[in-house]
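Have a look at the structure below, then the notes.
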Amino acid sequence: MERKEMFHTMVAKGLFLCKRGRPDIQGVIAYLCTRVQAPNEGDWMKLVRMMKYLNGTHSKILRIKCNNINIIKWYVDASFAVHEDYKSQTGAVMVMGEGSIQNISRKQKLNTRSSTESELVAVDDVATMVLWTQLFMEAQGHHIDENIIYQDNKSAILLENNGRKSAGKRSRALNIRYFFITDQIEKGKIEIRYCPMEEMVADYHTKPLQGSKFVEF
């Protein structure tokens with residue numbers, strides 16, 4: 001019981017930290033948050049590994065640089081069926097130059113049947129923040145010329161741009177709310193662009209990475 005409470009406390013501290021200056025631990029914190037009610041030995045070891053990583057990289061803090069205040073870029077990705085209940089993970093990163101201004105890493109609330117569907121759900125998960133951020137910037141007196149969402153799934157991009165026109169038999173059962181993004185594209189509120197998998201920095205927030213991808217992202 002004491003160890004469970006310690007686990008809960010340390011995850012809560014990690015949640016605070018990842019929202020302030022260490023977004024690089026947000027992916028593991030997002031997973032550990034789903035385990036605070038019944039953590040097992042494996043969860044404890046993941047927490048210990050994260051703490052060792054923080055201890056070894058305490059000088060690495062978030063630095064932000066803006067290259068163009070009139071362009072907002074969002075990188076949105078999803079990992080299909082990675083949780084024990086086969087739900088997917090959403091990851092998103094917002095940049096206006098260098099460094100991530102907003103980071104999202106969360107478990108999706110419904111089960112999807114393909115990676116394309118999970119990508120659609122991921123965009124819907126972050127759509128509110130994408131639109132709110134533009135409104136916030138414009139309220140500060142900065143006109144936004146481009147509000148771009150980058151994705152690495154071409155099938156999802158077709159569905160988002162064309163709605164039902166690109167929906168096949170497998171995707172016809174999708175809830176209509178996931179075509180909300182199509183309406184926003186038509187209104188000119190956002191733009192969807194393709195991003196190669198090798199450049200999809202949001203991949204970092206969807207699953208554990210190793211090697212060169214971990215270092216780069």
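The values are calculated or read from the model by the stated rules, or taken from the named source; none is laboratory data. Note that the coordinates shown come from a computational prediction; the quantities given were computed from them, not determined experimentally. Positions of Cβ are generated from backbone atoms using ideal geometry, with glycine treated the same way; all protein chains shown enter the neighbour counts. Accessible surface is based on the protein model in full, side chains and every heavy atom, while ligands, DNA and RNA are left aside. Shrake-Rupley method; radii C 1.70, N 1.55, O 1.52, S 1.80 Å.
Here is how the numbers come out for the structure above:
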quantity: Positions within region 47-72 being out of contact with any Gly (no Cβ under 9 Å at 6 or more places or on another chain) and basic (Lys, Arg), in sequence order; calculated: Arg49, Lys52, Lys60
quantity: Residue in region 90-111 that is of a type in the set (S, T, N, Q) and more than 20 Å from Gln151 (Cβ to Cβ) present; calculated: yes
quantity: Residue, nearest to the chain's Cα centre (by Cα), within region 101-118, restricted to residues that are small (Gly, Ala, Ser) and open to solvent by less than 20 Å² (accessible area, probe 1.4 Å); calculated: Ser105
quantity: Filtered residues of region 29-44 (kept if farther than 23 Å from Lys109 by Cα and either of a type in the set (Gly, Ala, Ser) or open to solvent by less than 50 Å² (accessible area, probe 1.4 Å) (or both)); calculated: Gly42, Trp44
quantity: In region 1-28, the residues that are open to solvent by 70 Å² or more (accessible area, probe 1.4 Å) and acidic (Asp, Glu); calculated: Glu2, Glu5
quantity: Region 145-165, residues that are at pLDDT 90 or above and buried (at least 17 other Cβ atoms within 10 Å of the Cβ); calculated: Asn147, Ile149, Tyr150, Gln151, Asp152, Asn153, Ile157
